[in-house]
């Protein structure tokens, strides 16, 4: 197994640059997840690691060896695609063994590798079946098994669960997490658009946007301390609310008046004396809103739609509540009936209130 380093990596199609300034150091044993909106380049970056896309600038090294111009077969990687890409006329055993046969491995080596992968993935009962006799989750496990038998330096996963239904996606996600625990020294790079997959599987998450890396960090670090507005709204569902406000008191804690609010809200973000009067965006996650009584509240709005999901209730406030276009959402624990049409006052704990200026967090300046 090995680590992987990208230094000033770029990708361009002619004069159009789609990725630039990609600097990333992936340590052996990490499971790194690439996330980002459609078209941000996460699959392109993965394919560059695999050797399926040419790197047009910078250096990519695997286990200390520069691999920019190295053919895919020599990079020591194995890739699991979104589609299972199994040979329909071959059994599970033969599908998993195919690459080893091409490599000229002996029958004993092949049987040992296939048997080990089948035990890890609980595929022993299905080794003599054809892919058409398997469920979607089982087919994906076969595709993963085909990668495992090669014992690669780096595993690459390109949205492997997107073709599965919701229940199978959850079950297979758990199986991938268990697989990683059983292979602690394996280095894995995983591409997904599903935040739950990213938050639950990743050692670190790489958020891609605007042709580059927006932030890298452990899942909860990105959730609790986003460096910019994009990451703040991309990580977490429903997305973080961003409310326009103005700093009225500075220091180790910062007090901000939110437009349309009667009072002011306190944040644990520190600020300088020169920040007083500065226009900022106040970030509050839907689950961090708390209903309050009295005259001191940060936000008040009329509930336009209330979704009761049993364990939580989502409140969607009318868009004109504070004169902004984005809809404000609150997520309250439990069942809250008859909320539609009611005006609700909201505030939040200072430790849950984020502040952004010019798109960047005040915490990281």
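The values are calculated or read from the model by the stated rules, or taken from the named source; none is laboratory data. Given the structure is predicted, the values throughout are model-derived calculations rather than measurements. Please note: Cβ atoms are built from the backbone with ideal geometry, for glycine as well, and neighbour counts cover all protein chains shown.
Overview of results
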item: Near pairs, Cβ below 7 angstrom, 6+ apart or cross-chain, from the stretch 148-170 (farther than 21 Å from residue 96 by Cα) to any residue that is at pLDDT below 85; result: 162/82; 168/136; 168/137; 169/161
item: Filtered residue count, the stretch 235-253, keeping only those that are over 13 Å from residue 281 (Cα atoms) and either assigned to a strand (DSSP E or B) or touching a helix residue (DSSP H, G or I) at 6+ places or on another chain (Cβ under 8 Å) (or both); result: 10
item: Members of the stretch 204-229 that are buried (at least 22 other Cβ atoms within 10 Å of the Cβ) and farther than 12 Å from residue 42 by Cβ; result: 215, 222, 226
item: Enumeration of residues in the stretch 344-365 that are modelled with pLDDT of 90 or more and farther than 20 Å from residue 239 by Cβ; result: 345, 350
item: Candidates 326, 288, 275, 304 - the one that is closer than 26 Å to residue 37 by Cα, at pLDDT 90 or above and touching a strand residue (DSSP E or B) at 6+ places or on another chain (Cβ under 9 Å); result: 288
item: Subset of the stretch 178-192 (residues that are out of contact with any strand residue (DSSP E or B) (no Cβ under 7 Å at 6 or more places or on another chain), in a helix (DSSP H, G or I) and surrounded by 14 or more Cβ atoms within 10 Å (Cβ to Cβ)); result: 179
item: Any hit, the stretch 193-203, residues being surrounded by fewer than 18 Cβ atoms within 10 Å (Cβ to Cβ), under 23 Å from residue 44 (Cβ atoms), modelled with pLDDT of 95 or more and under 15 Å from the mean Cα position of the chain (by Cα); result: yes
item: Selection status of residue 231, over 26 Å from residue 343 (Cβ atoms) and not in a strand (DSSP E or B); result: yes
item: Candidates 141, 119 - the one that is in a helix (DSSP H, G or I), within 19 Å of residue 181 (Cβ to Cβ) and free of Cβ contacts under 8 Å to residues at least 24 places away in the same chain; result: 119
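Yes or no, residue by residue, for (1) assigned to a loop (DSSP other than H, G, I, E, B); (2) surrounded by 13 or more Cβ atoms within 10 Å (Cβ to Cβ); (3) in contact (Cβ under 8 Å) with a residue 60 or more places away in the chain:
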site: 269; (1), (2), (3): yes, yes, yes
site: 277; (1), (2), (3): yes, no, no
site: 282; (1), (2), (3): no, yes, yes
site: 295; (1), (2), (3): yes, no, no
site: 302; (1), (2), (3): no, yes, no
site: 306; (1), (2), (3): no, yes, no
